[in-house]
Amino acid sequence: MLRKLGEKMEVHNHFQPGEVVYIIIRNPHAQNVAHIQQAAVVEHPEQSNELALFIHETYYPLTEEVAVYKTSDEAESAYASAFGVADQEGYYG
């Protein structure tokens with residue numbers, strides 16, 4: 001889905017609590033290391049009417065700043081576009 005410049009995406013309209021999604025997450029200790037991580041969409045326990053991603057026993061706000069994919073294939077394609085693949089020259093993911 002394409003958005004017009006400046007148009008805000010309502011992430012809550014695209015996801016429901018209980019969905020399993022996939023995100024690309026960077027290692028906070030080594031910024032050149034990233035991987036695809038499975039996450040659960042849940043109701044935020046501290047903010048009513050808000051959704052969150054539950055990953056590694058932690059709640060993260062589900063905002064438009066997080067690239068969330070409905071399938072692992074979508075996430076893998078985005079990962080390959082951003083980081084390349086291991087057998088390609090210039091791979092840095």
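The values are calculated or read from the model by the stated rules, or taken from the named source; none is laboratory data. Computed from a predicted model, the values in this text were never measured in an experiment. Note that we place each Cβ from the backbone using ideal geometry, even for glycine, and neighbour counts take in every protein chain shown.
Listing for the model above:
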{"read-out": "Among residues of the range 61-93, those that are modelled with pLDDT of 90 or more and part of a strand (DSSP E or B), counted", "value": "2"}
{"read-out": "Evaluation of LYS4 against (1) over 25 Å from SER81 (Cβ atoms); (2) modelled with pLDDT under 90 (one fails), failing number", "value": "(1)"}
